Structures are given as structure tokens and as C-alpha cells.
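Written out below as C-alpha cells is the structure these notes cover.
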Amino acid sequence: MTRITAPPSPPPSPPLSPPLPSPTTSTSTSTSTSLVPSSSLPLSNAKRSKRSFLEWVPLASHPVFASLRDSHPSLDFNPGSGGRLAAWDAVMSRLYLWDPTIRGIHSLPVRLQDSEDGSEPWDQVSVEAAVPSETLVPSVQITHEVHQISVNKDGSALLIAGSDKLTVISIFDKTSTNGETVICRAVPVATQILLGQDKGMRVLQASWHPFSRTHFGFLTSDAVFRLFDLSSNLERPEQEFYLQQVPSGRGLSAVLLCPVAFSYGGHYLWETFSIFFLFSDGSIYILCPVVPFGSLYTQKRIKEIYDEVRSFESEASNTNAIRTSRLALSWLEETFPEMLSEVLDVHGLSLCRACAYAPLDASLILQGPLCKISHDQGTDVLKGRAVSFLYTSAGKDSILVTAFNTSLLYIQALADEIHPQWATDAGPRLSLDANHNIKGVAMICESSPQNTNGPGQTPPLIELAVVDLELSDPDQKQQGAVLSIFPDPVVGERFYCVHSGGADAVTLNFLPFSNVDVELASAKPPPSVQPVLKIDNKGLYGFAAIADSFGGSHIIGVTHKYECIVIEMKRWKETVTLNWGEIGEAGSVDMTSGVMTSVSKDLLAGPKPVVLNSSGSLKMMNPESIEGRSTLHHYMKIFRENYVEYAHKVSIELKQRTGYLKSLIEEQNKRVNAVKKLLETVETKEDQIQERIECACSSHADLEKRLNKLRSLPLVHKKPLSKAERDFRGQLDRFVGVELDALHSAIEALSARMKRYNSSHASSVSPRRTALKGRTHASESQVSLLKSSLGKLSSINEENTQKLKLLEQHFASLEM
């Protein structure tokens with residue numbers, strides 16, 4: 001077979017086309033609230049020619065790893081990262097690695113090609129990296145602890161996630177360059193939500209959306225899933241989903257049942273718009289449909305979903321199913337109005353852009369918990385706490401893998417198709433812009449277990465297998481193992497589990513819908529678990545699975561001492577095991593492995609039988625003759641070759657097997673002793689735990705009593721003022737402050753005039769009255785009229801004062 005060989009020194013290839021702009025990006029959006037790279041393409045060839053000549057070396061011997069070992073990064077090593085401090089960009093063929101010393105990222109251009117110098121076999125593919133490589137330093141200093149880095153769909157942005165901070169780096173938006181060190185624009189995201197480590201809000205998982213280059217979602221410890229659009233706003237999420245789970249009756253409260261991980265769906269019907277959530281008790285929930293505003297989907301896929309919903313509506317007999325189908329049709333028509341007309345054509349594919357839409361009277365239902373179809377009733381009880389989750393598709397099967405802190409893997413498959421579910425009794429909260437377009441959606445998604453017997457309901461799960469990784473470290477067993485799951489980019493039936501002891505490859509040998517020749521029975525073949533990387537309980541700093549152009553896959557692992565390991569995986573069930581022994585000095589690695597894992601197939605098959613001549617010439621032959629002796633010597637030689645040499649091989653095998661069994665027994669005895677110590681520790685701490693439980697119960701009872709007393713207070717039942725009451729109170733305040741003062745001033749002026757009049761009237765009775773004959777005075781009737789007017793004004797003033805006092809008392813009681 002002829003294999004095409006890669007060119008000797010090709011530059012990293014740019015994306016096929018520049019990414020399409022998001023429809024939510026407008027010219028009025030300021031740069032402080034959006035992250036839009038000034039250029040979505042790498043540097044031109046003219047700029048790259050000014051750099052030094054690129055030399056291609058094996059990835060495992062790249063100088064970056066030697067520099068990292070020399071910088072003594074052991075204090076910054078985070079064993080809880082689970083190998084997520086490395087990211088692979090398949091579009092640009094680059095490997096990104098977080099450097100805790102410089103608080104930056106190393107960008108390594110990688111190429112995969114056949115070895116032409118004959119140093120490797122013809123069927124081996126060499127993984128090489130370019131020297132020198134770039135170092136991306138963010139423009140904003142990253143002070144928080146980094147748990148994960150990931151690259152977006154087109155390789156233009158990197159997400160750096162910690163437990164309480166998120167930072168996005170625009171790779172191609174370079175502010176300055178100093179040799180191979182490039183300072184890229186970086187901005188923190190969701191600073192108003194993630195206030196810091198002391199505030200209690202933690203990021204459980206963050207991941208880019210597979211159908212958008214600017215959207216990423218993250219799950220926080222307050223059971224809220226948020227979807228951000230970096231081209232629109234960096235502080236306010238585009239979509240928020242408040243996950244409200246109903247307790248499943250396992251003796252746990254709603255506080256203990258919290259989400260721990262999520263995974264986006266695949267490419268099959270409604271799974272395209274689905275998000276799978278994993279809760280701490282191992283239950284799985286589905287949220288559908290969730291689509292980023294402005295993301296692109298193929299028109300053929302949208303039409304397929306639309307036709308499937310229409311056919312389901314015509315065949316459904318249940319009113320709830322018909323109502324759900326109509327809501328789904330309206331959602332598809334409003335979200336993808338151009339699905340029936342070919343508008344966008346990118347690389348010969350008709351694409352549809354998702355519009356911003358949400359039903360005004362319906363919120364999504366958190367479907368679940370998904371029930372299980374199992375022949376073994378004992379597997380329904382899940383042990384431990386769920387820590388990691390993976391969704392992958394293989395053929396016609398949708399596979400869900402759940403990892404627990406007890407080193408158990410539960411592998412399940414969806415038994416039916418996913419259909420969207422809405423709750424029509426609670427509408428979402430919408431955020432609109434000046435043109436009355438939707439720019440944000442917030443929903444409260446409550447769980448409601450559905451009946452799986454009817455059509456269109458929540459699909460059940462088929463239990464495929466339970467895999468016990470049997471981690472040998474007792475400390476990890478006691479504290480809970482950190483497990484990370486990565487899919488294989490080539491073989492859908494295979495995934496990798498990274499833990500404290502290294503990495504294992506799990507291959508599924510049975511799928512309920514893809515393997516039609518295998519029946520659903522207890523005799524189904526179990527999955528094969530093959531350790532591909534063994535490390536002495538230190539864990540991996542980074543892990544990545546990549547695919548080459550020849551149909552194979554490679555895994556890249558970076559140890560805690562920054563030793564790089566590259567392993568080529570076989571295309572199907574055959575795997576390669578690499579025992580990474582005790583690491584001493586930098587670069588010195590013991591690759592020997594003297595442990596026999598299985599007996600040779602030739603020995604198990606037994607010696608080859610001796611085939612005698614079927615003719616009767618042997619019976620007629622004289623054993624004393626020359627011919628008889630030669631024939632006897634011939635058969636004795638065959639007997640020696642077949643039986644004596646076989647016995648010698650068996651003896652050697654048994655001797656070697658004895659040492660292996662002895663080491664195995666010693667390892668088992670160590671595990672038994674460790675378990676005994678753990679049991680003794682638990683027994684000694686049992687009394688203390690019981691006392692703490694009793695104290696907690698008494699504190700809980702005291703808190704309940706205090707809450708009952710607080711509920712009896714009068715202020716608990718007081719309601720706040722409505723908008724109309726607040727407006728009326730404002731009018732009364734203005735009346736008190738302005739009109740009442742004017743009324744008081746008028747009364748004072750009239751009182752002064754009354755006093756002057758009384759004084760002038762008293763002086764008019766004097767003897768001088770006769771002298772002033774030409775001056776006229778007010779009559780008695782006018783005086784009495786003026787007195788009556790003053791009396792009326794005084795009574796009106798008193799009534800107004802009494803009314804004001806009554807109103808003030810009423811509002812004071814309402815405020816209490």
C-alpha cells in the first residue's frame with residue numbers, strides 16, 4: 001500500500017476561510033464589552049519569512065519541555081487538573097501548553113508524517129514540532145490558579161479557566177512581539193458573576209460550544225448554566241438556565257443533589273441542540289433545545305429535524321405530544337427562518353444561521369433523571385460521587401460515560417431519540433435592545449420525570465458496562481480520585497480515562513444499535529480496558545488525543561515533571577502499552593517492564609500432535625532393520641521437538657510466572673493492608689462522626705425553632721408598597737412640602753391683617769374720631785364677614801392637618 005508522505009517543512013496551514021461574523025455584533029458595541037479579534041487569520045507569509053528558519057524535531061525532545069523542567073515548576077503543579085492543561089487545535093495543527101512559571105502558553109506547531117530516514121518502521125508515523133516555537137503571554141496578568149485551557153472552534157481564541165476566574169486570549173490579536181514571545185490581547189470574562197475565591201462562587205466546568213467560534217458555556221456551583229457570546233458582551237451572559245432538580249427519592253436533599261459537569265450533544269437530530277448535565281448522585285439530565293444566537297448549522301440537518309417533527313405530529317395521538325410537537329415546529333420556524341431557502345453557501349454547504357428567539361410563554365424542562373433499562377438490578381445503586389462526564393457517538397449509538405471518585409466508570413447508551421420539552425406555565429425573562437430584538441434569555445428549568453413508555457418522552461438509558469479502574473493509591477481512594485475522560489478522534493468506540501496512575505484506553509466491544517449481530521443479552525462482550533500510560537500516582541499535567549491524515553490516532557501526555565510522551569494508537573482494538581517507570585533525573589526514564597500479563601498463545605494451544613503414516617507399511621516393517629531404525633529415529637526426533645521442547649518451554653514459563661505471581665500477591669497484600677488501615681481509621685473516627693452528627697441535628701433543631709419564632713413576627717407578613725401606592729405617597733409628600741407651607745403662610749398673613757385691623761378699630765373709638773371727618777372706616781357687617789372667613793379657614797386648616805396625620809399613621813403602619 002502506498003502512503004502519501006508529508007512535505008519536509010510545511011508551514012502551519014491557516015483556516016480554510018475566515019470565520020463568519022456573528023449577527024449580534026454591531027458597530028455600536030464598544031471594545032470594552034466585546035472580544036472581536038482584529039484579524040482572524042495568522043500572520044502572512046511575508047511576516048513569517050522574517051523569522052528564523054524552522055527546524056522540525058521529535059515532539060518528545062522539544063526544547064520547551066527541557067526549559068520547563070529547569071524552571072522548577074513543581075510548586076505550581078496542580079494534580080487536580082486531570083490532564084487539562086494542554087489543548088490541541090486540529091485546524092491549525094498546534095499544541096498549546098500552560099506554563100505556570102511565566103503565566104503564559106507555549107504554542108507548538110506540530111506535523112505528522114512518515115519517517116523517511118528509516119529510523120522507524122514503515123507503518124509508524126512520526127510526530128514532530130517546530131523549533132523555535134512561540135510563547136503567548138496575555139496582556140492581562142493571570143493571577144488565579146489555572147485548572148483548564150481549551151481552544152475554540154477555529155483556533156482563534158483560548159479559554160483559561162480557574163476555580164473562580166475565566167480569561168479569554170485572542171491568539172491572532174497581537175499587541176507586541178519580542179522575538180518568539182508574543183503578547184496577545186486577553187480579557188477577563190464574567191467578573192460581575194465570578195467575584196473571587198472568597199465569595200463562594202466556583203466554576204465547575206467551562207467549554208466552548210462546538211457550533212460557534214465566539215460562544216462558550218460554563219457551569220457554576222449555584223446550579224446555573226450560562227452561555228456567553230464574546231462578540232457581544234463579556235459581562236452579561238446571552239443565555240442563563242437555572243437548573244432546579246427534584247429529589248429522586250434516594251434519601252438526599254435538593255441541596256446535596258447539585259450539577260457537577262455537562263457535555264454538549266452530537267450531530268443526530270435533536271441531539272444537536274441538547275446539553276447533558278451530570279449531577280453529584282450520578283443522575284443524568286437533558287436540556288433541549290439550546291442554540292447559541294448566530295451559530296451556523298447545515299440546512300440539510302435542520303430540514304431533517306423539521307420533517308421528523310412533522311411526521312411525529314401526524315402520528316401522535318396524545319394531546320401533550322401534539323402540543324410539544326407544535327412548539328417544536330414553531331421554534332424551528334422562528335429560529336431558522338431560512339431553512340426552506342438556500343441563503344448562505346459556504347464551501348458548497350447550505351447553512352442556516354440561528355436567530356435569537358425564545359417562546360414568550362414557555363420555558364425549557366430539565367428532562368430527567370434518565371431512567372435505566374437494566375437486567376441486573378444491583379447496578380442501580382451508584383457508589384460514590386460523580387466527578388466527570390463524557391458524551392460521544394459511535395455509529396448509531398449515543399454513548400454516555402460517567403466517572404465516579406471511587407474509580408468506577410458507568411457506560412450507558414441512549415435507547416431512544418431526544419425530543420424537546422417545554423413548561424407552558426412559566427415564561428422566560430427576555431432582555432431586549434433598542435430595536436426590540438432579543439439579546440438575552442433567562443429561564444428557570446425545573447425537572448419533571450417523564451413516562452418513557454409513550455412516544456416523544458424522555459429517552460431511557462441502556463446500561464452497557466461498569467468498569468473498575470482499580471486505582472492502587474490509598475490516598476486517592478480515601479480523598480476521591482480525579483478522573484478526566486477524553487474521546488478518541490478516530491475510533492468512536494474508544495475513549496481515554498486520565499487518572500492519578502496514568503491513562504487507560506477503554507474500547508467498547510458491544511453497541512446495542514450499531515452491532516446488529518449481537519443480541520441484548522447477558523452474554524454481550526465486555527469492554528476491553530488497556531493501560532496505555534502508567535505513572536507512579538502523580539497524574540498527568542497535560543493530555544491530548546490527535547488524529548493524523550492516515551486514519552490513525554496519537555496520544556500526547558505531559559507528566560508532572562514535564563516529560564513528553566507520544567504514543568501511536570492502533571486503528572481498532574489493538575493498543576500499545578507504555579509503562580512509564582520511576583522518573584529520576586530530568587530525561588532519565590526507566591522503560592523496562594518485566595511483568596508478564598498473559599501466557600503465550602502457543603503454550604495454551606499445547607504441543608503439535610504427531611501425524612503417523614496411515615498406511616500399513618509401519619506394521620510390516622522390521623524394527624531391527626535399517627529402514628525400521630531410521631523410521632523410529634525420525635519419530636523420536638519429532639516427539640522430542642513437539643513434546644520435550646514444549647515441556648521445557650512450559651517449565652521456563654512457570655518459573656517466570658512464579659515471580660509474576662509473587663509480585664502480584666505482594667501487591668494484593670499491600671492493598672489488603674491499606675484497606676485494613678482505612679477500616680481501622682474509620683472505626684476510630686466513628687464515635688467522633690456520630691457526635692458531630694448529633695451536634696448538627698441539635699443545631700438544626702435550634703435553627704428550626706428560631707425560624708418558627710421569626711415567622712410569627714408581624715413584619716414577616718407585611719407586603720411592600722405597590723407602584724400606585726408609592727406614587728400617591730410621593731404626591732402627598734409634595735403636598736406636605738409645598739402646598740401646606742403656602743397655606744400656613746396665607747393663614748399667618750391673614751392673622752397679621754386681623755391684628756392690624758383690630759388695633760385700628762380700637763383706636764378709631766378715641767376723641768380724635770370727630771376731628772377726622774373725611775376718613776371712612778369698615779362697617780360692622782364687613783368685620784363680621786371677615787371673622788367668619790377666618791373661622792372657616794381655620795377649620796379647613798385643622799381638617800387638613802388631621803387628614804395628614806391619619807395618612808402618615810397609615811403609611812407608617814404599612815412600612816412596618
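Laboratory data are not the source of any read-out in this text; all were calculated from the coordinates shown. Quick caveat: nothing in here was measured; it's all calculated off a predicted structure. Heads up, the Cβs are rebuilt from the backbone with ideal geometry, glycines too, and the neighbour counts pull from every protein chain shown.
Is any residue of the range 170-193 close enough, with backbone N under 12 Å, to a label point placed 7 angstrom from the Cα of residue 222 along the Cα-Cβ axis, and if so, which?
192-193
Which of the trypsin sites (Lys or Arg not before Pro) across the range 686-727 are loop residues per DSSP, with 15 or fewer other Cβ within 10 Å?
For trypsin sites (Lys or Arg not before Pro) across the range 686-727 that sit outside H, G, I, E and B with at most 15 neighbouring Cβ atoms in 10 Å, the list reads 718.
When the chain is fully extended, how far beyond the present Cα-Cα distance does residue 448 get from residue 636, taking 0.36 nm per residue of separation?
Gain on stretching residue 448 to residue 636: 59.8 nm.
Taking the Kirkwood radius as the inverse of the mean 1/r across Cα pairs, report the Rg/Rh of the range 210-337.
We get a ratio of 1.01 for the range 210-337.
Based on the Cβ-Cβ distance of residue 652 and residue 90, what FRET efficiency does E = 1/(1 + (r/R0)^6) give at R0 = 51 Å, to the nearest 0.05?
Computed FRET efficiency for residue 652 and residue 90 comes out at 0.60.
Provide the gained length on full extension for the span residue 416 to residue 70, in nm with one decimal, where the gain is 0.36 nm per separating residue minus the Cα-Cα distance.
Difference between extended and current length: 119.2 nm.
Too long at a 32 Å Cα-Cα cut-off: which of 174/561; 165/705; 174/534; 153/300; 534/655; 372/538?
165/705; 174/534; 372/538
Length gain on complete extension for the stretch residue 530 to residue 643, per 0.36 nm per residue less the alpha carbon to alpha carbon distance?
In short, 37.3 nm is gained.
Quick check on packing: order 544-551, 317-324 by the mean number of other C-beta atoms within 10 Å, highest mean leading.
Top of the packing list down: 544-551, 317-324.
How many nm is it between the label spots at residue 785 and residue 687, if each spot is 7 Å from the Cα in line with the beta carbon?
10.4 nm
Using the basic label-point model (7 angstrom from Cα toward the beta carbon), what is the residue 195 to residue 625 distance in nanometres?
10.9 nm
Give the calculated FRET efficiency between residue 303 and residue 513 to the nearest 0.05, with a Förster radius of 25 Å applied to their Cβ-Cβ distance.
E(calc), rounded to 0.05, equals 0.60.
For the pair residue 662 and residue 725, what calculated FRET efficiency results from E = 1/(1 + (r/R0)^6), where r is the Cβ-Cβ distance and R0 = 60 Å, to the nearest 0.05?
0.10
Which order do the peptides 460-469, 659-668 take when ranked by the mean count of other beta-carbon atoms within 10 Å per residue, highest first?
By packing density, highest mean first, the sequence is 460-469, 659-668.
So how far apart, in nm, are the two label points at residue 549 and residue 463 if each is 7 Å from Cα heading toward Cβ?
4.7 nm
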